Number of protein chains: 2
Amino acid sequence: MADVFQLLAEPSRRHLLEALRDGERSVNDLVARTHMSQPSVSKQLRILRDSGVVALRPVGRQHLYSIQGRSLREASEWLSYYERFWQEGLNRMDEALRREPGPKARRKR
Amino acid sequence: MADVFQLLAEPSRRHLLEALRDGERSVNDLVARTHMSQPSVSKQLRILRDSGVVALRPVGRQHLYSIQGRSLREASEWLSYYERFWQEGLNRMDEALRREPGPKARRKR
DNA sequence: GTAACGCATGTCCAAAGGGATATATGTCTA
DNA sequence: TAGACATATATCCCTTTGGACATGCGTTAC
């Protein structure tokens with residue numbers, strides 16, 4: 001999985017990805033939109049790029065970054081296993097109670 | 001958002017959540033399934049519980065944990081904004097090229 | 001050619017956080 | 001009540017990593 005979640009854990013990186021939602025942006029654009037320092041933006045973009053979450057297209061002296069969906073998809077798919085936990089009013093332990101009517105403790109496997 | 005992604009960033013916590021996918025588990029169950037030490041399991045479960053990602057139901061001297069979908073849903077919804085980046089063959093900069101036929105550099109805003 | 005611009009990188013530092021170990025707390029059993 | 005069992009917590013250590021700052025490198029403009 002190359003730890004996509006690790007990347008998304010950092011608010012600064014999420015802000016960058018949010019700023020890239022509606023298309024390519026230059027580094028200076030991202031600096032203005034995220035209120036981060038330019039070196040910080042470059043540093044985090046580098047990390048995102050090494051992980052394949054964003055792509056770089058140089059245009060003159062500008063570097064235009066855009067989102068690369070593939071890695072994010074893995075995270076989304078991981079989370080999809082848990083959809084049932086917030087659907088159909090499936091709450092806390094309702095499901096467990098449904099599966100195991102008897103209160104007897106369960107042993108390994 | 002209370003940083004759900006921060007929680008998911010740690011592999012050990014993801015392993016715990018994976019072990020909880022098919023229902024309630026006791027701490028010892030989780031220790032066996034994740035190959036983590038018992039104190040580590042308890043420590044990470046505590047963090048997950050404080051964030052509302054899992055719920056605790058004490059039964060005798062066992063503590064049964066289960067998944068609480070609400071927080072995970074927020075992460076899933078955040079990612080849903082990026083679905084279009086891996087759908088419809090939307091690649092790298094295709095989208096930008098589509099939006100901006102001229103190669104002239106873009107200035108702020 | 002030189003200066004301004006756009007971006008990347010290197011270095012230092014301090015804070016955060018996970019694991020290991022030991023120990024405390026609570027519950028069941030004999 | 002004693003002891004085994006299930007889990008939680010406390011402390012220490014060590015690694016990771018984000019930000020600030022300074023600087024390097026390539027590109028455009030004058």
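Just so it is clear, none of the values below were taken in a lab; they were calculated from the coordinates. Please read these numbers as outputs of a predicted model, since none were measured by experiment. Reconstructed Cβ throughout: ideal geometry from the backbone, glycine too, with neighbour counts over all protein chains shown.
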**Message:** Can you find, within the stretch B:31-54, the residue that is surrounded by the most Cβ atoms within 10 Å (Cβ to Cβ) among those that are more than 10 Å from DNA strand C (Cβ to nearest atom) and part of a loop (DSSP other than H, G, I, E, B)?
**Reply:** B:53
**Message:** Here's a check for you: in the stretch B:65-83, which residue that is within 24 Å of residue B:33 (Cβ to Cβ) and more than 7 Å from chain A (Cβ to nearest Cβ) is farthest from DNA strand D (Cβ to nearest atom)?
**Reply:** B:71
**Request:** Output the residues belonging to the stretch A:8-38 that are within 11 Å of residue A:54 (Cβ to Cβ) and within 8 Å of DNA strand D (Cβ to nearest atom).
**Result:** A:13
**Hey, residue B:44 within 13 Å of DNA strand D (Cβ to nearest atom) and away from chain A (no Cβ under 13 Å) or not** = yes
**Asked** So which residues in the stretch A:13-65 are of a type in the set (Val, Ile, Thr) and in contact with a strand residue (DSSP E or B) (Cβ under 9 Å, 6 or more places away or on another chain), if there are any at all?
**Response** A:27, A:53, A:54, A:59
**Asked** Among the residues of the stretch A:8-38, how many are more than 7 Å from every other protein chain (Cβ to nearest Cβ), within 19 Å of residue B:9 (Cα to Cα) and touching a residue at least 12 places away in the same chain (Cβ under 8 Å)?
**Response** 6
**Request:** Might you check whether a residue that is more than 13 Å from DNA strand C (Cβ to nearest atom), outside any strand (DSSP E or B) and over 15 Å from residue B:82 (Cα atoms) occurs anywhere in the stretch A:17-30?
**Result:** no
